[in-house]
Amino acid sequence: MGILEKIKDIENEIQRTQKNKATEYHLGILKAKLARYRSQLMEGDKKSGGGDGTGFEARKAGDARVAMIGFPSVGKSTLLNKITKTESEVGAYEYTTLTCIPGVINYKGSDIQLLDLPGIIEGASEGKGRGRQVIATARTADLVLMMLDASKGEVHKKLLQNELESVGIRLNKQKPAIYYKPKASGGLHFTATAKQTHGLNEKLVRDILHGYRIFNAEVILRYDATIDDFIDVVEGNRQYIPCVYVYNKIDTCNIEDIDAYARKAHSIVVSCEWELNLEYLIDQIWENLSLIRVYTKKRANPPDFQEPCILRSGSSIEDICDYIHRDLKKSFKYALVWGRSAKHTPQRCGLAHRLADEDVVQIITAG
């Protein structure tokens with residue numbers, strides 16, 4: 001029996017099993033086994049030399065990368081043409097786009113790479129269509145735009161989420177706060193500092209680890225963790241990516257449906273054909289990428305407001321030093337900061353000082 005058949009058998013058994021306290025342990029073992037087989041499937045793609053598992057050859061460029069995924073003919077290429085200067089072929093038939101087409105969104109002084117990926121179908125994670133290439137490229141993105149046909153309701157959204165979940169892409173989720181460290185000896189040291197109500201106990205943790213041939217480890221659960229959370233931490237290859245759900249073709253829907261979609265978390269309603277709400281979509285791409293602009297100035301000169309340094313939210317003076325030149329920290333003495341992160345202006349700061357959007361920084365060097 002091949003890996004795909006084993007995966008199907010386990011998925012069917014999970015669906016058949018009633019979910020209650022008595023079956024939590026059995027379901028946990030099944031989920032761990034399913035995760036191992038899926039990892040073997042992905043590893044097999046990598047070892048086979050490329051093809052389906054390696055993604056498209058799109059060089060990462062700009063300050064951030066955004067990947068558009070969705071079923072065929074949902075408007076990905078139209079959106080790319082509308083908000084970038086790239087021309088992607090558009091057609092009223094499926095599979096118009098057959099490869100990855102990159103474009104660039106110029107916004108607030110930043111260059112955001114937008115990838116128009118081919119439409120994927122149900123079963124993409126198992127190799128149907130070009131699904132694994134699309135998914136492999138999506139794993140390299142800083143943000144996923146899930147393009148959905150508003151007239152199709154939530155069906156496509158759920159299918160796409162399941163495909164991405166099955167290959168370790170976690171949308172709009174934080175990495176589980178579970179301490180896990182394999183050791184050379186000593187057996188399992190298990191500690192739970194919070195009450196566990198999802199069936200994750202020391203026996204299940206031990207048996208899940210034994211399935212991975214891990215017999216010595218330290219595990220600390222600091223919150224009410226789920227079995228899926230623990231498996232994700234053990235696997236160690238999960239990608240936690242923010243996602244914006246873009247409901248396109250709202251010109252085909254009634255106002256009640258549009259209002260319902262717009263109120264969902266992380267969701268935006270647009271019409272690429274009529275160019276409705278596209279500016280707000282670009283605003284939300286910027287917000288979800290968590291980018292900030294930092295302006296630099298030289299001694300006795302005004303700040304350079306034409307070319308900001310584009311950094312991640314939470315970046316420090318050390319990060320802007322690396323952005324300007326990798327050797328700048330060697331001669332760094334202190335920095336002067338103007339803006340929202342400064343308690344007074346200017347504030348004299350060290351390398352650890354956290355910056356805010358539109359701060360102005362002057363680096364003072366020794367000698």
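The values are calculated or read from the model by the stated rules, or taken from the named source; none is laboratory data. This structure is a prediction, so every number in the text was calculated from the model and none was measured. Please note: Cβ atoms are built from the backbone with ideal geometry, for glycine as well, and neighbour counts cover all protein chains shown.
Among the candidates Gln161, Gln196, the residue that is assigned to a loop (DSSP other than H, G, I, E, B), among the polar types (S, T, N, Q) and either surrounded by 14 or more Cβ atoms within 10 Å (Cβ to Cβ) or at pLDDT 95 or above (or both) is uniquely Gln196.
Counting residues in the stretch 292-308 that are outside the structural domain of Lys108 (by TED's automatic domain parsing), of a type in the set (S, T, N, Q), in a loop (DSSP other than H, G, I, E, B) and touching a Leu at 6+ places or on another chain (Cβ under 6 Å) gives zero.
Applying the selection to the stretch 318-367, what residues are part of a loop (DSSP other than H, G, I, E, B), surrounded by fewer than 13 Cβ atoms within 10 Å (Cβ to Cβ) and among the aliphatic types (A, V, I, L, M)? Correct list: Ala352, Ala366. With respect to (1) small (Gly, Ala, Ser); (2) in the same structural domain as His156 (by TED's automatic domain parsing); (3) modelled with pLDDT of 95 or more, the lone exception for Ser88 is condition (3). Only one of the numbered conditions (1) of a type outside the set (S, T, N, Q); (2) farther than 29 Å from Ile7 by Cα; (3) at pLDDT 95 or above is not met by Asp116, and that is (3). Scan the stretch 15-44 for residues that are assigned to a helix (DSSP H, G or I) and more than 20 Å from Ala225 (Cα to Cα) and the total you get is 10. Just a yes or no: is a residue in the stretch 318-335 within 27 Å of the chain's Cα centre (by Cα) and touching a residue at least 40 places away in the same chain (Cβ under 8 Å)? Yes: the stretch 318-335 contains one or more residues that are within 27 Å of the chain's Cα centre (by Cα) and touching a residue at least 40 places away in the same chain (Cβ under 8 Å).
Restricting Ile255, Ile220, Ile231 to those that are of a type outside the set (Ser, Thr, Tyr), more than 30 Å from Ala64 (Cβ to Cβ) and surrounded by 14 or more Cβ atoms within 10 Å (Cβ to Cβ) reduces the list to Ile220.
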